[in-house]
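The values are calculated or read from the model by the stated rules, or taken from the named source; none is laboratory data. No experiment lies behind these values; they were computed from the predicted model shown. Reconstructed Cβ throughout: ideal geometry from the backbone, glycine too, with neighbour counts over all protein chains shown. When the accessible area is computed, the model is the full protein with side chains, heavy atoms only, and any ligands, DNA or RNA have been set aside. Shrake-Rupley method; radii C 1.70, N 1.55, O 1.52, S 1.80 Å.
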Amino acid sequence: MPSPLTRKFTLADLRAARQTGAKVPMLTCYDFTTAGLMQEAGVPALLVGDSAASVILGYDTTLPVSLQFMIEITAAVRRGAPLALVVADMPFGSYQASLAQGVRNVSRMVKSTGCDAVKLEVADGHSPLVSALADAGVAVVAHLGLRPQAVGLIGGYKFQGRTAAEAKKIVASALRMEQAGSAAILLEAVPPEVANAVIQQTNVPIIGCGAGPGCHACVIVTQDGLGLTPHRPRFVPVLAEMAGPLRKSFELYVERVSGGTYPATEHDYVMPPEEKTKFKGVLS
């Protein structure tokens, strides 16, 4: 039975999982309250994903979310779960313009939030940025496979590594990112064979997001697992169906307010009798 976190889960623990065969559960998180509940539930690693653009802000893609918004919610998650490994997503446009821009904005994210690592959706051309950040002491999680920030380029949310050529390129990119200094690699929406090849040819922890059972850690979008989104990706397990109970709770509130049963006497604040008398005198 999982138990609340009692000590800080670190990158060293994630690395150790690769050696021991332990599997590290990771969930997306976007707010202080949920972060606290996840820490109490024993979730050791939290990803403050730019998926917040969709599940929190209602955009069709992750592209519109701003750096400032990501900083605010990452700081909230950090406060809510001080013992978890918190990975912050760098949003689209915050590191693509130049090496200097990337270093500046990642530094701002780390200093403003206290996150333990940052995640970058990377192409091979991002190797110098990963190296510069590693040299500066920043733990970088390199995101390969399906990269939602590149949805326009790849033509939609399609799993990657469909062909031998695509799979070979993903493995080569993983090796390049490890050589550049990535602390871990996240693989999204790739067949298990591709993930296993990356695992075999690298030495850093591999975080799977729809990448098969061989990965050292697994992450999903929490709202998908709770049944709060319209479409659950095939790799996401059913953790609960929360949409129905939440809707019922909202209906109950509407019913009580509309029917006049809320607020009731027990919900009122009570003025001391002598002050009530004085107040009546003031009004007369």
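Scanning the stretch 167-206 for residues that are closer than 19 Å to Ala134 by Cβ, β-branched (Val, Ile, Thr) and touching an Asp or Glu at 6+ places or on another chain (Cβ under 9 Å) turns up Ile185, Thr202, Val204.
Could you grab me the full set of residues in the stretch 184-204 that are part of a loop (DSSP other than H, G, I, E, B) and over 17 Å from the mean Cα position of the chain (by Cα)? Within the stretch 184-204, Val190, Pro191, Thr202, Asn203, Val204 meet the criteria. Go through the residues of the stretch 61-69 one by one and say whether even a single one is of a type outside the set (A, V, I, L, M, F, W, C), closer than 17 Å to Gln223 by Cβ and touching a strand residue (DSSP E or B) at 6+ places or on another chain (Cβ under 6 Å). Within the stretch 61-69 (the criterion being of a type outside the set (A, V, I, L, M, F, W, C), closer than 17 Å to Gln223 by Cβ and touching a strand residue (DSSP E or B) at 6+ places or on another chain (Cβ under 6 Å)), the answer is no, since none of the residues qualifies.
As for the stretch 56-73, it holds at least one residue that is aliphatic (A, V, I, L, M), in contact with a helix residue (DSSP H, G or I) (Cβ under 7 Å, 6 or more places away or on another chain) and modelled with pLDDT under 95. Among all positions in the stretch 136-147, there is no residue which is at pLDDT 95 or above and in a helix (DSSP H, G or I). Taking (1) at negative phi; (2) assigned to a loop (DSSP other than H, G, I, E, B); (3) open to solvent by 50 Å² or more (accessible area, probe 1.4 Å); (4) not acidic (Asp, Glu) in turn, Gln160 satisfies each apart from (3). The residues listed here are Gly244, Gly214, Gly208; of these, the one that is within 26 Å of Val24 (Cβ to Cβ) and outside any strand (DSSP E or B) is Gly214.
In the stretch 38-60, which residue that is in contact with a strand residue (DSSP E or B) (Cβ under 7 Å, 6 or more places away or on another chain) and within 16 Å of Lys119 (Cα to Cα) is surrounded by the fewest Cβ atoms within 10 Å (Cβ to Cβ)?
To start, the set of residues in the stretch 38-60 that are in contact with a strand residue (DSSP E or B) (Cβ under 7 Å, 6 or more places away or on another chain) comprises 38, 43-51.
After this cut, where a residue has to be within 16 Å of Lys119 (Cα to Cα) as well, the list is 45-51.
On the way: Ala45: 27, Leu46: 30, Leu47: 29, Val48: 28, Gly49: 29, Asp50: 27, Ser51: 21.
So, considering only residues that are in contact with a strand residue (DSSP E or B) (Cβ under 7 Å, 6 or more places away or on another chain) and within 16 Å of Lys119 (Cα to Cα), the one surrounded by the fewest Cβ atoms within 10 Å (Cβ to Cβ) is Ser51.
Of the listed requirements (1) closer than 20 Å to Val48 by Cβ; (2) surrounded by fewer than 19 Cβ atoms within 10 Å (Cβ to Cβ), Pro205 misses just one: (2).
Closer than 22 Å to Ala183 by Cβ, small (Gly, Ala, Ser) and within 13 Å of the chain's Cα centre (by Cα): is that true of Ala45 in this structure? When the stated conditions are applied, Ala45 passes them.
Pull up the stretch 247-269, narrow it to residues that are on the phi < 0 side of the Ramachandran plot and not in a helix (DSSP H, G or I), then point me to the one that is most open to solvent (accessible area, probe 1.4 Å).
Looking at residues that are on the phi < 0 side of the Ramachandran plot and not in a helix (DSSP H, G or I), I get Tyr269.
Does the stretch 149-164 contain any residue that is more than 15 Å from Ala180 (Cβ to Cβ), out of contact with any Lys or Arg (no Cβ under 7 Å at 6 or more places or on another chain) and of a type in the set (Phe, Trp, Tyr)? Walk me through how you get there before you give the answer.
Looking only at the stretch 149-164, we keep the residues that are more than 15 Å from Ala180 (Cβ to Cβ), and these are 149-164.
This time we only want the ones that are out of contact with any Lys or Arg (no Cβ under 7 Å at 6 or more places or on another chain), so: 149-164.
Right, trim to of a type in the set (Phe, Trp, Tyr) and you get 157, 159.
Yes: one or more hits.
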